[in-house]
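All remarks here apply to the structure that follows.
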Amino acid sequence: MRIIKATLEHLDLLTPLFVKYREFYGQLPYPDTSRSFLEKRLKRDESVIYLALPDDDNGKLLGFCQLYPSFSSLSLKRVWILNDIYVAEDSRRMLVADNLMRQAKKMAKQTNAVRLRVSTSSNNEVAMKTYESMGFKEDTEFRNYILPINGD
């Protein structure tokens, strides 16, 4: 398996799996809007996307992860948010997520980040076990809150 950094040339390969990721979390597919969203992130350098490809280069995407940059005012350092990670259903149990997260960790170290952050739904036991096996720790110091902004 090869892990590569996505470019605009990979949009047609990436978009269908990104749509499946959105559907996994209960969102409507919106393939055109999803493609446009990814294109904007890449064009503007607003995210880093890694792709997992098979060694035989058969044009199949095994999985992807997308990271967004952030910063910590307390540590005065960069933080990377591992916002999206998804493995194709027929590629699971092949350590695709592990390989993607190893690449994300390597990139975080290369950019002198203080940490990687990741969130998942509270009932996604598989993801939680995978994150913990990679060394992620549950944040017990800070409680996270969200404020939905939906035009009120």
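Can we say Leu38 is surrounded by 14 or more Cβ atoms within 10 Å (Cβ to Cβ), within 19 Å of Ala127 (Cβ to Cβ), of a type in the set (A, V, I, L, M) and touching a helix residue (DSSP H, G or I) at 6+ places or on another chain (Cβ under 7 Å)? Spell out how you get there, then give the answer.
Values: surrounded by 14 or more Cβ atoms within 10 Å (Cβ to Cβ): yes; within 19 Å of Ala127 (Cβ to Cβ): no; of a type in the set (A, V, I, L, M): yes; touching a helix residue (DSSP H, G or I) at 6+ places or on another chain (Cβ under 7 Å): yes.
The answer is no for Leu38.
Among the residues making up region 90-142, a single one is among the β-branched types (Val, Ile, Thr), part of a loop (DSSP other than H, G, I, E, B) and either buried (at least 18 other Cβ atoms within 10 Å of the Cβ) or in contact (Cβ under 8 Å) with a residue 24 or more places away in the chain (or both): Thr111.
Given the criteria of a type in the set (Lys, Arg), touching a Ser or Thr at 6+ places or on another chain (Cβ under 8 Å), free of Cβ contacts under 8 Å to residues at least 60 places away in the same chain and more than 18 Å from Thr7 (Cα to Cα), does Arg35 qualify? Spell out the reasoning first.
Working: of a type in the set (Lys, Arg): yes; touching a Ser or Thr at 6+ places or on another chain (Cβ under 8 Å): yes; free of Cβ contacts under 8 Å to residues at least 60 places away in the same chain: yes; more than 18 Å from Thr7 (Cα to Cα): no.
It is false that Arg35 is of a type in the set (Lys, Arg), touching a Ser or Thr at 6+ places or on another chain (Cβ under 8 Å), free of Cβ contacts under 8 Å to residues at least 60 places away in the same chain and more than 18 Å from Thr7 (Cα to Cα).
Looking at Glu9, Glu46, Glu39 in this structure, which one is on the phi < 0 side of the Ramachandran plot, assigned to a loop (DSSP other than H, G, I, E, B) and modelled with pLDDT of 95 or more? The unique qualifying residue is Glu46. Residue check: is Arg2 farther than 14 Å from Ser91 by Cα, surrounded by fewer than 19 Cβ atoms within 10 Å (Cβ to Cβ) and not hydroxyl-bearing (Ser, Thr, Tyr)? Against the criterion (farther than 14 Å from Ser91 by Cα, surrounded by fewer than 19 Cβ atoms within 10 Å (Cβ to Cβ) and not hydroxyl-bearing (Ser, Thr, Tyr)), Arg2 does not qualify.
The values are calculated or read from the model by the stated rules, or taken from the named source; none is laboratory data. The structure presented is a predicted model; accordingly, all values stated were derived computationally and were not measured. When we count neighbours, we look across all protein chains shown, and the Cβ atoms used for this are built from the backbone with ideal geometry, even at glycine.
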